[in-house]
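Below is one structure; the comments refer to it alone.
The values are calculated or read from the model by the stated rules, or taken from the named source; none is laboratory data. Model, not experiment: these values are computed from the prediction. Heads up, the Cβs are rebuilt from the backbone with ideal geometry, glycines too, and the neighbour counts pull from every protein chain shown.
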Amino acid sequence: MSNTRVKFYQTGTFTVGNRLLDDSDRTVQSRPERTNSLNSGHRACQGCGEALGARYAIDAAMRAANNQLVAVNATGCLEVFSTPYPETSWQIPWLHSLFGNAPAVASGVAAALRAKGKKDTKVIAQGGDGGTVDIGFGCLSGMFERNDDVLYICYDNEAYMNTGVQRSGSTPAAAHTATTQAVGSQPGNPFGTGKSIPLIAMAHGIPYVATASVADLHDLEAKVTKAMGVTGARYVHVHVPCPLGWGCDPSYTLKVARLAVESGLFPLFEAEYGEVVARTPIRRLIKVDEYLKLQRRFQHLFGEPGQPAVIAAIQAQAERNIKRFGLVEKGEAK
Amino acid sequence: MLQIRIHGRGGQGVVSAAEIISVAAFREGKHAQAFPSFGSERMGAPVMAFCRIDEREIRLREPIMTPDALIIQDPTLLHHVDLFQGLAADGYVLLNSGRSAEELGIDELFARVPRRHVCTLAASELAREHLGKPLPSGALLGGLAALTGWLQISSVQAALREKFAGISGERNAAAALAAFNRTRAKLAAQEGVHAQAD
Amino acid sequence: MLKQIEGSQAMAAAIAMCRPEVISCYPITPQTHIVEALSAMTKRGELGSCQFINVESEFAALSVLIGASATGARSYTATSSQGLLFMAEAVYNAAGLGLPIVMTIGNRALGAPINIWNDHSDSMSMRDAGWIQLHAESNQEAVDLHLQAFRLAEELSCPVMVCVDGFILTHAYERVDLPTQEQVDAYLPPYDPVQVLDPAEPVSIGAMVGPEAFAEVRYLAHHKQLRALELLPRLAEEFAHGFGRSSGGLLSEYRTADAETIVIALGSVNGTIKDTVDELRDTGMAIGAVKLCSFRPFPLAAVRAALQKAKRVIVIEKDLAVGLGGIVASNVRMALRGLPVAVHTVIAGLGGRAITKVSLRRVFTEVHAQSESFAEPHFLDLNWQVVEKELARQAEQRRAGPTAENVLRQVNAIGTRVH
């Protein structure tokens, strides 16, 4: 009987566990020597995508940095749920300053380490979409422009969740938030607004930009690890569903994240110095409906009569992404 | 305390001139304070700079209201701005011009200060000669030293060399010395004329 | 070493000798000469491994230093006016986190209307943020206060603002005795942080504190500034021993021993005040002056001790609490509570208007003569005609137009005037 090498697609999930993989393919999280930088006991909601993403990202970064890491955190969900006074879940040196200055503060930490000749200590700045896309944008651009030696990780749950689900510059079109309600003739967040920080980061020409999702945690770890091997300004944008804010079942966090990727609405790619160098092709392309209907923030699009035109417009956005990043290989079955 | 006020237009080196006077005074062991008028400086706009010189620490921080000496770097300011406002009764006036004080039409000045305290100097021309550019400050400072006797010409030259490095400093120092000698000669001649007229 | 030097250059030289490790820079008139000089020094390699970071806003400038200081680096920046407001959130944050950052404020008026000239409205806007605020009377003192500031900040773990009058000091050439590197090293040891981001000993800095502990944390910040009241004179004394001159401290007195009228002020105007006091003393007036150096913490006890023997006090201040009157005067009144000393507020020098010896002499004479007509607060050299005319115009028509432009039109601000 011959041995057939089986290619596993969905690794690290309940479908195929880490124990069936080569050691080098296993996640950091699966290892007993993981640092648990974001320790248990934090106060994140059930099913929080951000807590999951942060845990994977930071432990991967710690491994890559030989545990010599300093983290700067913007105000937001992650900061609040990880440091409920008088406790902290962080097992690494961690600084929270303000909402809009995490990139600048991290630049300062990096400068101080350089001044002191501590070449081996690495710096990560992290924040949600609010702190990154909106109020922290100026500082982020400055950090990019100076090519400061900082890896910035944005956990994008597409709204200001910590303050009660208000619209941010990352909120997708048609989504209901507390400040873009599903009421009136154009319910939800208006079309034609919003910005893509990954593309803006690319426009700054920084050494490494990547998008990632908690749908593929191996990929997230790999990208963070890769980023940690690069010097200069680096940016990783992680899509993290928020069950509370999106109105989806807490047990569906990974599923919803996967559907966002498979619809083309959240493209996974890497870029270096402003050029896309890799993308993750979509294996099982789906219509956006499958993704949207699992979230109460889009429920006004469904039912009778629903908003078929709006759904079509969202579908068009997905198709633009697919085309732009080449997410569907020619000849792939739909 | 001696108070010097310099009038000119932005870009003519008025502020530098005040600074150089202060450095020259410092080199002679005096206290000196130089500062600009802090207007919205732009090329061509009227500007002022001030310099105080004293044997002891200077504590006063107001603009110079009652100057003991005036340097007018740009005669186009005459009849346009009240350049002589507050001039002390025995004050000195040095004007950057090839024309005489009488020709400039500032006769009213002669009623206020002694005639021999007013002097014109073709500083821009001297500057063109020595520097190749019509930046008159260095020459005017040489003229000021001659007119007032408040500073040694060697101190002025040393200050110019400190402020302007290399060949530029040398040329400015040369212009200052030329201006100093010319002004000295002019004053002596004036003295002679007046002596005759008495 | 004695030098004839621009104030900004002198300060930069002194700051360089303090061995800063991270300097952030965002330009704004009139402080920019300081950071420009430091930039050149860093680029030429004169500051060792010091990192000079050109940032995209003042908010970023202070934020960078928050990160740097928390990592154990001696950190410095400078700003003025609008820049200080733009970093306001970070100003409070740095004080709350207890980071020993030193920042020069080139005092400049706050808009609107936009104004680039000197007054104290900028540093006054941050007076309760928890930073120590020291005011320099001369460029010599500006140099000396920066040395003392780093020492003070690091001993207390509290940020310090050194306030230096914009243009009047920053852009003035005067004689300054610059210290040597040896003198500075003897006075200012390397920074030994109370808290630091270090992978070897991880800590979380910047937690949210709720009602159960916030008041205690705030009290401790207040207590820290009260400790500065003792530390400032001690550091000034040590400075005097090491450098051979008096500088800083809480305040200093000038001819106050038998004074009936005492003038009190912050910053460079004290020079003009001293000259005026001398002139009036020559006429037999029993007048003296107190130069206040530390505005925060406000030295209530020291001010009381210095002023209590007077019959009346004149506060000359370059700021205005809109809707109230004097800021410094209010603080002075607090120091003198319960005492029968009359405190007169004189608002002067707003937006860079010159404070002249002639005007001060007139005011001091009027107050000393206990003139009843002396308004409270008194606005020195205010053009009441212009004000009345503008008020009349506004009363006449609803769409009166922008106030500033209308006043400028009245005042006819073209060409040069002496003052």
- Picked from the range C:303-312 (must be out of contact with any Asp or Glu (no Cβ under 7 Å at 6 or more places or on another chain) and part of a loop (DSSP other than H, G, I, E, B)), the residue farthest from the other protein chains (Cβ to nearest Cβ) is C:Q308
- Query: Does at least one position in the range A:43-61 carry a residue that is among the hydroxyl-bearing types (S, T, Y), touching a residue at least 40 places away in the same chain (Cβ under 8 Å), in contact with a Ser or Thr (Cβ under 9 Å, 6 or more places away or on another chain) and more than 22 Å from A:V240 (Cβ to Cβ)?
  - Reply: no
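Please pick out the residue among A:A110, A:A61, A:A71 that is touching a Gly at 6+ places or on another chain (Cβ under 9 Å) and surrounded by 24 or more Cβ atoms within 10 Å (Cβ to Cβ).
Values: A:A61 fails: touching a Gly at 6+ places or on another chain (Cβ under 9 Å); A:A71 fails: touching a Gly at 6+ places or on another chain (Cβ under 9 Å).
Result of the check over A:A110, A:A61, A:A71: A:A110.
Where in the range A:91-207 are there strands (runs of 3 or more DSSP E), lying wholly inside it, with at least 2 residues that are within 13 Å of chain C (Cβ to nearest Cβ)? If you could, list the steps in order and put the result at the bottom.
Values: elements: A:94-96, A:122-128, A:151-156.
Here the list reads A:94-96, A:122-128.
Consider the range C:353-382. How many of its residues are among the polar types (S, T, N, Q) and modelled with pLDDT of 95 or more?
Of the residues in the range C:353-382, the ones among the polar types (S, T, N, Q) are C:356, C:359, C:365, C:370-371, C:373.
This time we only want the ones that are modelled with pLDDT of 95 or more, so: C:356, C:359, C:365.
Residues that pass the stated criteria total 3.
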- Among the helices (runs of 4 or more DSSP H) contained in the range C:324-419, which hold 2 or more residues that are touching a strand residue (DSSP E or B) at 6+ places or on another chain (Cβ under 9 Å) and touching a residue at least 60 places away in the same chain (Cβ under 8 Å)? C:327-335, C:357-368
- Item | Conditions (1) in a helix (DSSP H, G or I); (2) in contact with a His (Cβ under 7 Å, 6 or more places away or on another chain): number failed by A:F266 | (1)
- Note on the structure: Exactly one of C:A228, C:A289, C:A236 is assigned by TED's automatic domain parsing to the domain that holds C:A153 and touching a strand residue (DSSP E or B) at 6+ places or on another chain (Cβ under 7 Å), and that one is C:A228
- Task: Name the single residue, out of those in the range C:225-258 being in contact (Cβ under 8 Å) with a residue 40 or more places away in the chain and of a type in the set (D, E), that is nearest to C:S294 (Cα to Cα).
- Result: C:E253
- Note on the structure: Condition set crowded, with 16+ Cβ neighbours inside 10 Å and β-branched (V, I, T), scope the range B:73-112, selection farthest from the other protein chains (Cβ to nearest Cβ): answer is B:I106
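Checking the condition at the interface with chain A (Cβ under 9 Å from one of its Cβ atoms), crowded, with 20+ Cβ neighbours inside 10 Å and out of contact with any helix residue (DSSP H, G or I) (no Cβ under 7 Å at 6 or more places or on another chain), which residue from C:S69, C:S75, C:S63 passes?
On the way: C:S75 fails: out of contact with any helix residue (DSSP H, G or I) (no Cβ under 7 Å at 6 or more places or on another chain); C:S63 fails: out of contact with any helix residue (DSSP H, G or I) (no Cβ under 7 Å at 6 or more places or on another chain).
It is C:S69.
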- Those residues of the range A:192-206 which are more than 17 Å from A:F325 (Cβ to Cβ) and β-branched (V, I, T), in sequence order: A:T193, A:I206
- Are any residues in the range C:171-192 of a type in the set (A, V, I, L, M) and within 12 Å of C:Q9 (Cα to Cα), and if so, which ones? C:A172, C:V176, C:L178
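Considering only the range A:76-97, I want to know if a residue exists there that is over 16 Å from the mean Cα position of the chain (by Cα), at positive phi and surrounded by fewer than 24 Cβ atoms within 10 Å (Cβ to Cβ). Steps first, please.
Quick first cut of the range A:76-97, residues over 16 Å from the mean Cα position of the chain (by Cα) only: A:80-97.
Pick out the ones that are also at positive phi and you get none.
There is no residue in the range A:76-97 that is over 16 Å from the mean Cα position of the chain (by Cα), at positive phi and surrounded by fewer than 24 Cβ atoms within 10 Å (Cβ to Cβ).
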- Output the residue which, of all residues in the range C:187-210 that are in contact with a helix residue (DSSP H, G or I) (Cβ under 6 Å, 6 or more places away or on another chain) and more than 7 Å from every other protein chain (Cβ to nearest Cβ), is farthest from A:V109 (Cα to Cα). C:Y187
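Would you confirm whether any residue within the range C:266-275 is within 12 Å of chain B (Cβ to nearest Cβ), polar (S, T, N, Q) and out of contact with any helix residue (DSSP H, G or I) (no Cβ under 7 Å at 6 or more places or on another chain)?
Kept after step one, since they are within 12 Å of chain B (Cβ to nearest Cβ), are these residues of the range C:266-275: C:267-275.
Narrowing the set further to residues that are polar (S, T, N, Q) leaves C:268, C:270, C:272.
Now drop any that are not out of contact with any helix residue (DSSP H, G or I) (no Cβ under 7 Å at 6 or more places or on another chain), which leaves C:268, C:270.
Among the residues of the range C:266-275, at least one is within 12 Å of chain B (Cβ to nearest Cβ), polar (S, T, N, Q) and out of contact with any helix residue (DSSP H, G or I) (no Cβ under 7 Å at 6 or more places or on another chain), which makes the answer yes.
Taking C:E216 as the residue in question, decide whether it is out of contact with any strand residue (DSSP E or B) (no Cβ under 7 Å at 6 or more places or on another chain) and away from chain A (no Cβ under 14 Å).
Working: out of contact with any strand residue (DSSP E or B) (no Cβ under 7 Å at 6 or more places or on another chain): yes; away from chain A (no Cβ under 14 Å): no.
So C:E216 does not fit the description; no.
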- Message: Which of the helices (runs of 4 or more DSSP H) found entirely inside the range B:94-198 contain at least 2 residues meeting this: of a type outside the set (V, I, T) and in contact with a helix residue (DSSP H, G or I) (Cβ under 6 Å, 6 or more places away or on another chain)?
- Response: B:123-131, B:137-148, B:153-163, B:166-197
- Message: Quick check on the range C:29-60: of everything there that is crowded, with 24+ Cβ neighbours inside 10 Å and among the polar types (S, T, N, Q), which residue is nearest to C:A200 (Cα to Cα)?
- Response: C:Q51
- Task: Determine which single condition A:I286 fails, assuming it passes every other condition in (1) at pLDDT 95 or above; (2) over 24 Å from A:P198 (Cβ atoms).
- Result: (2)
- Cβ pairs under 6 Å, 6+ apart or interchain, first in the range A:74-90 and farther than 18 Å from A:Y152 by Cβ and more than 8 Å from every other protein chain (Cβ to nearest Cβ), second surrounded by fewer than 19 Cβ atoms within 10 Å (Cβ to Cβ) and of a type outside the set (D, E, K, R), ordered by first then second residue, are A:S89/A:N39; A:S89/A:G41
- Item | Condition check for B:D82: within 22 Å of C:G267 (Cα to Cα) and charged (D, E, K, R) | no
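Return yes or no: is C:E46 under 25 Å from C:I205 (Cα atoms), at pLDDT 95 or above and more than 10 Å from every other protein chain (Cβ to nearest Cβ)?
Working: under 25 Å from C:I205 (Cα atoms): no; at pLDDT 95 or above: yes; more than 10 Å from every other protein chain (Cβ to nearest Cβ): yes.
Spelling it out, it is not the case that C:E46 is under 25 Å from C:I205 (Cα atoms), at pLDDT 95 or above and more than 10 Å from every other protein chain (Cβ to nearest Cβ).
Residue-by-condition table, conditions (1) facing chain C (nearest Cβ under 9 Å); (2) surrounded by fewer than 21 Cβ atoms within 10 Å (Cβ to Cβ); (3) farther than 14 Å from C:H171 by Cβ; (4) aromatic (F, W, Y):
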{"residue": "B:G11", "(1), (2), (3), (4)": "no, yes, yes, no"}
{"residue": "B:V14", "(1), (2), (3), (4)": "no, no, no, no"}
{"residue": "B:A17", "(1), (2), (3), (4)": "no, no, yes, no"}
{"residue": "B:V23", "(1), (2), (3), (4)": "yes, no, yes, no"}
{"residue": "B:H31", "(1), (2), (3), (4)": "yes, yes, yes, no"}
{"residue": "B:V47", "(1), (2), (3), (4)": "yes, no, no, no"}
{"residue": "B:E57", "(1), (2), (3), (4)": "yes, yes, yes, no"}
- Message: The conditions are (1) more than 7 Å from chain C (Cβ to nearest Cβ); (2) part of a strand (DSSP E or B), and A:V70 fails exactly one of them. Which is it?
- Response: (1)
- What is the one condition in (1) closer than 29 Å to A:M62 by Cβ; (2) in contact with a strand residue (DSSP E or B) (Cβ under 9 Å, 6 or more places away or on another chain) that A:P187 does not satisfy? (1)
